[in-house]
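Inspection log for the structure reproduced underneath, given as structure tokens.
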Amino acid sequence: MGDNFILRGDICWSTGPDTMETVRNGWIVCEEGKCAGVFTRLPEQYKGLPVTDTGGQLIVPGLTDLHLHAPQYTFRGMGTDLELLDWLENHTFPEEERYEDMSYASKAYDIFAQDLKNSPTTRACVFATVHREATEYLMEALEQTGLCTYVGKVNMDRNAPKALCEGGAAASAKETRRWLEDIRGRFSHTRPILTPRFVPACSDELMGELAKIREEWNLPVQSHLSENQSEVEWVKELMPEAEFYGDAYDRFGLFGGAGPAIMAHCVWSDDREMGRMKDRGVHIAHCPQSNMNLSSGIAPVKKYLSSGLRLGLGSDMAGGYHLSIFRAMLEAVQVSKLRWRLVDQDLAPLTLKEAFYIGTKGGGSFFGKVGSFEKGYAFDAVVMDDRGIRTARDLSVKARVERMICMSEQCTMTAKYAEGRRIC
Ligand code: GUN
Ligand code: FE
């Protein structure tokens with residue numbers, strides 16, 4: 001838990017998809033790692049606490065990256081002329097095979113952890129590879145950053161190079177149990193998450209094993225869902241008895257309900273899949289940059305949001321090549337406008353306000369009371385100097401936050417806190 005302290009600045013946070021609060025030159029109080037409130041005048045009871053005055057910088061909740069692949073950071077910005085299945089075969093799987101080698105893995109994961117630490121993200125749900133040793137190293141590296149993360153050793157036993165198929169379902173399950181034993185009690189803000197890669201790479205036998213492990217260890221689950229049309233067709237062939245793609249996870253209790261689950265992408269989910277995700281409380285990780293790069297399509301995010309589904313944003317590194325969730329907010333808005341104009345005139349585009357909500361409180365909710373400055377929420381905050389966006393106008397805090405999302409590369413993050421810990 002962090003110390004008790006106060007930040008002063010121009011503060012902005014979401015309480016819901018359509019409700020953005022701002023306070024100019026306000027005070028935000030951190031008590032025992034939690035937000036005690038945002039105030040226009042500092043209440044008497046807090047007057048003894050140390051204050052850092054940011055001098056009018058923007059203070060917003062820490063961002064959540066609900067879906068990314070740490071081992072893919074090495075080849076970000078490369079190879080995205082292909083669609084998903086060819087990209088996996090030609091770029092992703094060959095790269096991930098390299099994480100057997102701990103000298104490569106440690107070098108790669110040190111860079112990844114440093115860069116994530118220096119991004120505006122305070123929470124992340126991370127895929128590693130199938131390799132236990134490298135996954136444990138990644139968890140150590142992330143723990144040291146102070147960020148709050150879920151990390152998954154990936155499971156796969158088919159439709160991939162032999163070196164990534166873990167010697168079959170039983171061996172994959174055994175290695176997963178060993179990983180969980182190894183890390184038990186070792187970390188305070190780095191937690192395990194069960195990670196079947198996706199249906200094409202996991203046999204029914206493996207899914208059955210993972211179902212048992214999920215129950216025994218009471219783990220959350222992360223995976224991929226309905227990202228690409230060829231993938232969706234392939235899943236129909238592999239599991240004809242499933243009513244739809246998500247049902248193939250649900251049959252094994254790996255689709256929310258009994259425990260939390262994140263499904264990345266959901267570009268091609270139909271109404272049945274949507275309904276099941278709602279019933280089961282599945283979190284959808286929307287990854288607009290990846291969906292553009294791999295020509296996957298445009299997820300109907302506005303529909304998910306207005307239907308009350310749980311939504312967060314993901315970079316999907318290295319389907320996406322940028323770690324900034326500010327950028328993902330902007331891209332979520334932009335692709336939703338193209339979808340509206342080109343695909344479905346009945347589905348309005350996302351607003352920036354909604355995208356800000358999804359990237360903060362929406363994704364943060366996977367971690368509990370996270371991603372807002374309401375009283376009792378975890379003190380996750382980023383302080384942004386937006387003076388790089390030069391203007392002659394005097395702007396409201398709300399307008400400055402809008403511009404920060406649109407031109408985040410012109411802003412500088414000057415501080416970041418997770419659970420009240422100063423991260424950078
Ligand atoms: N589906 C299965 N594996 C992957 C992956 O590594 N990235 C993306 N974007 N989709 C996947
Ligand atoms: Fe992914």
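Take the conditions (1) surrounded by fewer than 21 Cβ atoms within 10 Å (Cβ to Cβ); (2) without any contact (Cβ under 8 Å) to a residue 60 or more places away in the chain; (3) more than 19 Å from ALA399 (Cβ to Cβ); SER336 misses just one of them, which is (1). Looking only at residues in the stretch 243-261 that are without any contact (Cβ under 8 Å) to a residue 40 or more places away in the chain, buried (at least 16 other Cβ atoms within 10 Å of the Cβ) and small (Gly, Ala, Ser), the one that is farthest from CYS125 (Cα to Cα) is GLY246.
Restricting the stretch 169-192 to residues that are touching a residue at least 24 places away in the same chain (Cβ under 8 Å) and assigned to a loop (DSSP other than H, G, I, E, B), which is nearest to ILE262 (Cα to Cα)? Step through it out loud before you land on a result.
To start, the set of residues in the stretch 169-192 that are touching a residue at least 24 places away in the same chain (Cβ under 8 Å) comprises 169-170, 172-173, 175-180, 182-183, 186-192.
Next cut, assigned to a loop (DSSP other than H, G, I, E, B) only: 186-189.
Details: ARG186: 24, PHE187: 22, SER188: 22, HIS189: 19 Å.
Checking each candidate, the answer is HIS189.
Which of the residues that make up the stretch 208-242 are in contact (Cβ under 8 Å) with a residue 40 or more places away in the chain, within 16 Å of ligand 1 (Cβ to nearest atom) and not acidic (Asp, Glu)? Matches in the stretch 208-242: LEU210, VAL221, GLN222, SER223, HIS224, LEU225, SER226, ASN228, GLN229, SER230, TRP234, MET239. Return yes when PHE356 is in contact (Cβ under 8 Å) with a residue 12 or more places away in the chain, part of a helix (DSSP H, G or I) and closer than 23 Å to THR40 by Cβ and no when it is not. In short, yes.
Note on the stretch 303-312: residues that are assigned to a strand (DSSP E or B) and either within 13 Å of ligand 2 (Cβ to nearest atom) or over 12 Å from HIS265 (Cα atoms) (or both) amount to 1. With the structure loaded, tell me whether ARG276 is of a type in the set (D, E, K, R), surrounded by fewer than 24 Cβ atoms within 10 Å (Cβ to Cβ) and farther than 30 Å from THR145 by Cα or whether it fails that test. Yes; evaluated as a whole, the condition is true for this residue. Residue count for the stretch 1-37 satisfying the condition of being touching a helix residue (DSSP H, G or I) at 6+ places or on another chain (Cβ under 9 Å), among the acidic types (Asp, Glu) and either modelled with pLDDT under 95 or in a strand (DSSP E or B) (or both): 2. Against the numbered list (1) out of contact with any helix residue (DSSP H, G or I) (no Cβ under 7 Å at 6 or more places or on another chain); (2) outside any helix (DSSP H, G or I); (3) away from ligand 1 (no atom under 16 Å from the Cβ); (4) not basic (Lys, Arg), THR195 comes up short only at (3). Looking only at residues of the stretch 276-290 that are within 10 Å of PHE255 (Cβ to Cβ) and not in a loop (DSSP other than H, G, I, E, B), we find that the one that is nearest to ligand 2 (Cβ to nearest atom) is MET277. Scanning the stretch 297-328 for residues that are within 16 Å of ligand 1 (Cβ to nearest atom) and out of contact with any His (no Cβ under 7 Å at 6 or more places or on another chain) returns GLY297, ILE298, GLY319, GLY320, TYR321, HIS322, LEU323, ALA328. Scanning the stretch 205-247 for residues that are away from ligand 2 (no atom under 14 Å from the Cβ), assigned to a helix (DSSP H, G or I), over 24 Å from GLU181 (Cα atoms) and not aromatic (Phe, Trp, Tyr) turns up GLN229, SER230, VAL232, GLU233, VAL235, LYS236, GLU237, LEU238, GLY246, ASP247. Residues of the stretch 122-170 that are more than 16 Å from ligand 2 (Cβ to nearest atom) and over 21 Å from ARG98 (Cβ atoms): THR122, ARG123, GLU143, GLN144, THR145, GLY146, LEU147, CYS148, GLY168, ALA169, ALA170. Sub-6 Å Cβ pairs linking a first residue in the stretch 8-24 that is aromatic (Phe, Trp, Tyr) to a second residue that is at pLDDT 95 or above and in a strand (DSSP E or B), at least 6 apart or interchain, are TRP13/GLU21; TRP13/PRO61, ordered by first then second residue. Scanning the stretch 95-148 for residues being touching a Cys at 6+ places or on another chain (Cβ under 7 Å) and of a type in the set (S, T, N, Q) gives a total of 2. Residues that are modelled with pLDDT of 95 or more, within 21 Å of MET407 (Cα to Cα), aromatic (Phe, Trp, Tyr) and within 16 Å of ligand 1 (Cβ to nearest atom) are absent from the stretch 340-360.
The values are calculated or read from the model by the stated rules, or taken from the named source; none is laboratory data. Predicted model only: the values in this text are computed from it and were never measured. A quick note on method: Cβ atoms are made from the backbone with ideal geometry, for glycine too, and the neighbour counts reach across all protein chains shown.
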